[in-house]
Structures are given as structure tokens and as C-alpha cells.
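Scroll down for the structure; my scribbles are underneath it.
No lab work stands behind these numbers, since they all come straight from the coordinates. Computed from a predicted model, the values in this text were never measured in an experiment. For neighbour counting, all protein chains shown are included, and Cβ atoms are generated from backbone atoms with ideal geometry for every residue, glycine included.
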Amino acid sequence: MSESINLGSGDPDAEAPECVKEAIFKALKEGGDWTHYGGSAISLQFKESVIDYYKTMGPEYKPDNIIPTCGSTAALNVALGTVLDEGDEILMWEPSYSGHYSLLRSMGIKLSVAPLKEGDGWHPDVDTLGEYVSPETKAVLICNPNNPTGTVFKEEELRAIGDLAVDHDFAILSDEIYLHFVYGDKKFVSTASLDGLAERTINIMSFSKTFSMTGYRLGYTIVPDRYLKRANSLHGLANRPASFVYAGGVAALRSDFSYVEERRKVYGERIGYFCNAIDDVEGISCIPAEGAFYGWFNIKELGIGSQEFCGRLQKEGARMRPGKGFGLNTDHYVRAALVRPVSQLKEVVAKVKNVVNAL
Ligand code: PLP
């Protein structure tokens, strides 16, 4: 049998831009600080490139506010540990990135989960959000654009979430790693750019998706002054990226972003094809994603759970993620990471039809 088509993991099917690879090769050849523990000049250069980049989104930061990490998973670890202790509560949504759930569970954090509903186009109902806040709520975790639904939060939605955070004095964690991948007339707004929110918003960022750099393990968290002391003590030495990888990060952020625009177009075409084709399959419904690069579809009418669906699909030769891990009530959904060309997505849709016809 031919090799399985893997739409399970959100790992882009592209190499990082040439400028990133060249900068890293150059750093390795130069040696010195690039291949040792690394001096502060190297991380300062990186932090300055992050500051300049974020200026395009609104907020102005100081180098101290930028904490470089090994990918955004490490950034999330630092950010969550900074504002939450075991037993504290966090407000979040379902469906949301499965990695958020597993990290929070491993830390013993209580979850207050508000629904993103298919009927609302996967947008939050901000009028009822207050019901999910309690005196134990210490933070809200926003994933914008959201993995897996692709929701691009509207400015008024972020404003309403921000107002709750201000009124109840809790922190905002904003995972913005898909911010460049938004489609149609949707517009990304960085939470911290809204009036009065920068001082309580911790950003979580990564090079993994924007520049197809999943294996380089480069990310960062942006931490406002009030949380810096704890964040720095948690960060320590363990989470620092490799010195020469910083060179790639600087090259990426100082590039003209034509690479990123190219990737955005590619993912947009895939969403356009896949979400419509899968929605046409009897018993399946799918709302095309506004952002990120996933197809998130409803299989309830098929009468089987997401794990069984994915198991049957795997036997046909394609992999996807069961919806189960993306929330508490998400077992009738499946996520396809659209990280393969349309020609392969067509094959996958045919395999899905085989699964459905055999039920
Ligand atoms: N945050 C979100 C929303 C993700 O989808 C992912 C990976 O899929 C991550 C964080 C982790 O990415 P990385 O650790 O590669 O930066």
C-alpha cells in the first residue's frame, strides 16, 4: 500500500525561507558566540527584531519584555506558570488546541470552558462569558486565530474579553502563533494592541508555523512588566534556544515576508478546496476556517466517535486527529491539518468517502 497521507500533525510541508537557512549556516561557520552559550548581544539582536516586528501590530515593547524560548510550547509553559498556581482557574474555549488542554491538566489548573459553537460560526458568545468567571479565575487563554476552528477573534470580542479581565483583575494569555494566516476579509488584531490591555497580556509566539520552522524550536513570550520577575525566574536556563538559531529568527523577522504571504495563499487555497469538498460528503459538515490552516468538521450524523473515524481512515491510508483532545465535548469532530497539496487532499476526501460508504 502507498504511504499514508498525514494530515494529523500541524507541521507545514515547506522548508524555512532560504534567508533563515543562510543566516544559520553563516552563524555556524562564524562560530564564537553563535556556537557557545551565547552572549547577551545575540539575544538582544533577536529581541530587537521582535520589538520592530510587533510595532506593526501596535504594541511597543522593551527588550526585557521579550523572553526567547524553544518554540511556543516552552513559551506557554513560562506564561502559564507565571500567572497560575495549582488549583487556580483559567477561562478558555472549546474547541481549542489540544496542547493547551494537556499542559493545563499537567499543571493541576482548573478549567472553566466556554463553548465556541458551530452555529455561531465558531465565534464566542461574549454576552454569556461572565458566567464562566469565578473568584478563582486567574487568567484567560485566547488562541487567535484558533486551532482547530480557525476563528479569527473580532476586535469587539477581544474588547469584551479584555473588559472582563480588567473588571476581575486577571491576566490574558494570547497565543497568536497563526496570526499571519487569515483569509478573506478577516483581520487579525493583537489583544495587547487594545487600550489598557498591554499591561496584563502575555503573548505566546512561534516561528514554527509562520516560517515553517517546527524543527528549529524557536519561539518567545512577551511578558509585561508586572509579571516579569516571576517569568524570568521560571524561564531560567532550561528554555533557551540554541545560540545559532537566533540568527535564523532575526533573518526571518527582518525579511520582506513575501515567503509568509506565499504560504498564506497556499493554505487559503487548501482551506477553500478541503472544507467545501468535505462538507459535500453525506453526513459531514464543515465551516471553512477564517484563519490558521485546519479543516475542522462535524461527523455526528455518521454515528461513530472521532477515534473510530480516524482509525477507519488510517486503514484507508490517511491520518487526521480525533476531535476528542480539543475540548470536553468535541468527540464528534475531526481535525485535518491542511499541510499537504490539494492533489493529496483530493485523495484524502476520496478515502473519507470510502469510510462513510462502508458504515
Ligand atoms: N500553540 C498552538 C495554537 C499550536 O497550534 C501549536 C502547535 O501546533 C503550538 C502552540 C506549539 O507550537 P511550537 O511549540 O512548535 O511553537
Fraction of antiparallel bridges per DSSP, the chain only, in percent to nearest 5: 50 percent
Cα centre as origin, Lys/Arg/Asp/Glu Cβ charges: the range 30-253 dipole, Debye: 800 debye
Listed residue pairs exceeding 18 Å between alpha carbons, taken from Lys117/Lys154; Lys117/Lys346; Lys62/Lys229; Lys21/Lys209; Lys187/Lys346; Lys154/Lys324: Lys117/Lys346; Lys187/Lys346; Lys154/Lys324
Sites Ser285 and Met107 - FRET efficiency at Förster radius 35 Å, r taken between beta-carbons, to 0.05: 0.50
Chain lengthening between Asp225 and Thr35 when straightened (0.36 nm per residue, less Cα-Cα): 65.3 nm
Nearest-0.05 FRET efficiency for Lys315 and Lys62, computed from C-beta distance (R0 51 Å): 0.40
Long-range HN-HN contacts of Ala318 with modeled amide H, under 5 Å: Ile5
Fully extended contour minus Cα-Cα distance, from Lys186 to Glu155, at 0.36 nm per residue: 10.1 nm
3J(HN,Hα) from dihedral phi, the range 148-163, Karplus parametrisation 6.51/-1.76/1.60, rounded to Hz, x for glycine, proline: x, 7, x, 3, 9, 4, 6, 4, 5, 5, 5, 4, 5, 5, x, 4
Part-to-part distance (alpha-carbon centres) for the range 234-281 and the range 72-117, which is given in Å: 23 Å
Ranked list, fewest to most other Cβ atoms within 10 Å of each Cβ, for Thr56, Thr149: Thr56, Thr149
Unit charges at the beta carbon, dipole of the chain: most positive-side option, Ala14, Thr56, Gly291: Ala14
Span per principal axis, largest first, for the Cα atoms of the chain (Å): 60, 53, 37
Difference of contour (0.36 nm per residue) and Cα-Cα distance, His168 to Asp256: 27.6 nm
Residues with amide H under 5 Å from that of Ser206, placed H, sequence gap 5 or more: Tyr220
Alpha-carbon Rg with Dmax, taken over the range 198-348, Å: 19.3, 55
Whole-Å semi-axes of the range 1-104's equivalent ellipsoid (Cα gyration tensor): 29, 25, 15
